[in-house]
Amino acid sequence: MLAGCTPWPPEFADRYRAAGYWTGRTLGALLRDAARRHPDRTAVVGAGERWTYAELDARADRLATGLVRRGIGPGDRVVVQLPNRPEVFEVVFALFRAGALPVYALPAHRRAEVGYLCDFTGARALVTADTDAGFDFRGLAAEVRAAVPGLRDVLVAGDTGGRPGLTALADVRAEAADPAALADPDPADVAFLQLSGGTTGLPKLIPRTHDDYLYSVRASAEICGLTPDTVYLGALPVVHNFPMSSPGFLGVLHAGGTVVLAPDPTPATCLALIEAERVTHTAVVPPVALLWLDAVEKGAQAGRDLSSLRVLQVGGAKFAPEAARRVRPVLGCALQQVFGMAEGLVNYTRPEDDEETTVHTQGRPISPDDEIRVVGPDGAEVADGEAGELLTRGPYTIRGYYRAPEHNAAAFTPDGFYRTGDIVRRTPTGHLVVEGRAKDQINRGGEKVAPDEVEDHILAHPAVHDAAVVAVPDPYLGERACAYVIPRGTAPGRAELLRFLRGRGLAAYKIPDRVEFVDAFPATGIGKVSRRELRAAIAAETARAAGAAPDGAPPPGP
Ligand code: AMP
Ligand code: DBH
């Protein structure tokens with residue numbers, strides 16, 4: 001197994017194989033199998049392109065051949081930062097077939113995150129786009145390349161703009177595939193590194209194997225009833241774990257369906273695509289679901305034929321029951337709640353669940369072998385139906401983050417359960433209701449922010465003595481981030497501080513929505529900053545100010 005990763009103990013691995021969960025296939029083979037079965041069906045639509053399965057399969061082979069010839073091969077880490085374009089699929093399947101490991105960056109990531117991912121994983125290459133939605137991805141990549149000496153290649157999907165040191169993907173693709181050059185990775189080994197939203201410090205990397213991930217994808221496709229007639233709209237950035245695997249584009253390709261890529265999740269873009277492509281399934285975070293519901297209710301998309309839409313999946317953050325109840329009457333489709341994590345465990349409400357279960361719960365686990373424990377602060381299981389922290393272990397939940405021994409000692413129990421940091425209650429039917437969070441993470445409408453990562457950046461400002469970032473309740477995003485700052489001497493001023501943070505190359509969703517200057521932080525009994533008190537203070541103040549119109553919601557995403 002890749003160095004720095006924690007394998008499942010052999011007795012668990014044997015059990016998961018014997019149960020038929022781990023089948024010894026690879027992600028590269030998923031596309032190969034689908035292309036054999038449905039060569040002429042449409043696999044992917046987006047950015048003006050429309051590729052059949054045979055075409056996507058051939059492109060992936062040609063690019064894989066070119067990558068291997070360039071020296072990118074087995075075990076190499078390759079950071080992938082791509083917006084929703086068909087090349088995403090060509091690139092990730094080519095990397096699997098070259099034996100290289102994609103490391104998924106989000107399109108929203110900037111210099112701090114992309115640089116960290118390249119550096120921390122010892123990446124051999126970075127694959128990026130040219131420009132997209134007005135953002136210069138190749139410029140960002142050039143900066144990262146200059147800062148990370150180990151990064152030997154920057155490959156651009158599109159035009160390099162003549163920038164030195166950047167290579168167009170078109171120049172890497174071989175004229176013809178050379179099957180003998182392609183790798184044959186071990187299905188039990190790590191296939192890629194997925195990003196965790198993180199609770200502490202820099203984002204953690206999640207090593208997923210071919211075996212474990214494929215199981216979650218196949219089982220998800222079955223639970224969601226995907227068939228070759230499924231048309232799935234990728235409304236969120238598809239490199240995120242939810243639209244990738246729950247059942248996401250991998251589930252759809254496994255089933256032989258079609259993936260339609262949306263450049264952004266706005267109702268104007270997505271509802272038009274649903275009508276034009278006769279979309280049957282899609283997946284969004286709660287704030288996006290609210291935007292769609294509001295747009296349709298207010299008649300902003302009047303005349304749109306949404307009759308093809310069968311299932312709206314909502315996940316990534318808690319979907320309020322009042323909103324959940326509106327989905328069927330307003331959009332005319334079924335709601336499926338999805339409570340998942342890139343670390344593994346995914347819960348779905350099922351098509352056969354009654355209305356109350358679908359509206360009020362976040363679903364139940366994929367697998368009969370997902371082990372669930374709900375524990376109190378003392379680590380003992382709480383009585384049935386009571387709230388406690390969710391711990392989990394199972395055939396597609398990791399046993400450790402990549403190269404993070406210290407963090408792993410806290411994030412996993414000695415017997416291998418992942419501490420999710422989510423406070424849940426289990427219903428008699430085994431469905432989970434998310435009641436809150438034990439971890440400090442801020443969930444900004446599905447986009448996860450680790451407070452101390454942002455605090456570190458704030459602390460770098462010379463006029464800042466100390467900083468604490470906490471969640472503020474928000475009617476639209478669920479939560480936003482508020483930074484409490486103790487100045488050193490004269491306070492820097494809000495606008496100046498925010499400019500400073502942007503200048504440090506931080507993704508926009510991590511820039512605090514609000515800054516409060518204070519003289520001191522409330523302390524806990526042993527003198528730590530009491531985030532609980534800060535959260536309570538800002539929540540009370542927000543409640544007092546309620547009645548004032550909420551400020552404009554920036555486009556959300558996971
Ligand atoms: P990550 O570990 O970054 O993949 O983020 C996963 C976390 O997102 C979970 O541990 C939950 O805190 C949160 N989450 C995902 N889906 C839901 C949901 N449907 N309801 C509430 N929280 C969710
Ligand atoms: O929030 C998530 O990380 C998430 C939500 C729904 C996820 O990883 C998933 C489904 O697979």
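Structure data summary
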item	result
Accessible-area composition of the chain, carbon plus sulfur, in percent [1.4 Å probe]	52
Per residue accessible area in Å² of segment 441-546, where ligands, DNA and RNA are left out and the probe is 1.4 Å	45
Under 16 Å from the Cα of Lys510 - lysines, other chains or at least 8 residues apart	Lys204, Lys448
Leading residue at positive end of dipole, segment 441-546 (Cβ point charges), from Phe517, Ala460, Gly446	Gly446
Accessible-area value, Glu322, 1.4 Å probe, nucleic acids and ligands omitted, Å²	130
Net dipole in debye of the chain [+1 Lys, Arg Cβ; -1 Asp, Glu Cβ; about Cα centre; nearest 20]	700
Accessible solvent surface per residue of segment 67-197, calculated while the other protein chains remain in place, 1.4 angstrom probe, Å²	34
Over the chain: Rg over Rh, Cα atoms, Kirkwood Rh	0.95
Neighbour net charge for Gly376 - beta-carbon separation under 9 angstrom, K R +1, D E -1	-4
Helical mean residue ellipticity (222 nm; -39500 (n - 2.57) per DSSP H run of 4+; nearest 500) of the chain	-9500 deg cm²/dmol
In Å², nearest 10: area of Ser216 left accessible to a 1.4 Å probe	10
Rough spin-label spacing in nm, given labels placed 7 Å along Cα→Cβ, for His360 and Asp378	2.9
Rounded accessible area of Val518 (nearest 10 Å², 1.4 Å probe)	40
Whole-angstrom gap from segment 278-309 to segment 331-362, using each part's C-alpha centre	18
Protein-only accessible surface order, largest first, of Val172, Val296 at 1.4 Å	Val296, Val172
Summed side-chain charge close to Gly150 - residues other than Gly150 whose Cβ falls under 14 Å, Lys, Arg +1, Asp, Glu -1	+1
Principal semi-axes in Å for segment 441-546 [√(5λ), Cα gyration tensor, largest first]	20, 18, 13
Against the rule of thumb 2.2 N^0.38 Å, how large the Cα Rg of segment 389-466 comes out	1.40
Inter-site label distance for Arg69 and Asp519 at 7 Å from Cα along Cβ, in nm	7.1
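The values are calculated or read from the model by the stated rules, or taken from the named source; none is laboratory data. A quick note: this is a predicted structure, and the numbers were derived from the prediction, not measured. Virtual Cβ from ideal backbone geometry, glycine too; neighbours counted across all protein chains shown. SASA here: full protein model, heavy atoms, side chains in, ligands and nucleic acids out. Shrake-Rupley method; radii C 1.70, N 1.55, O 1.52, S 1.80 Å.
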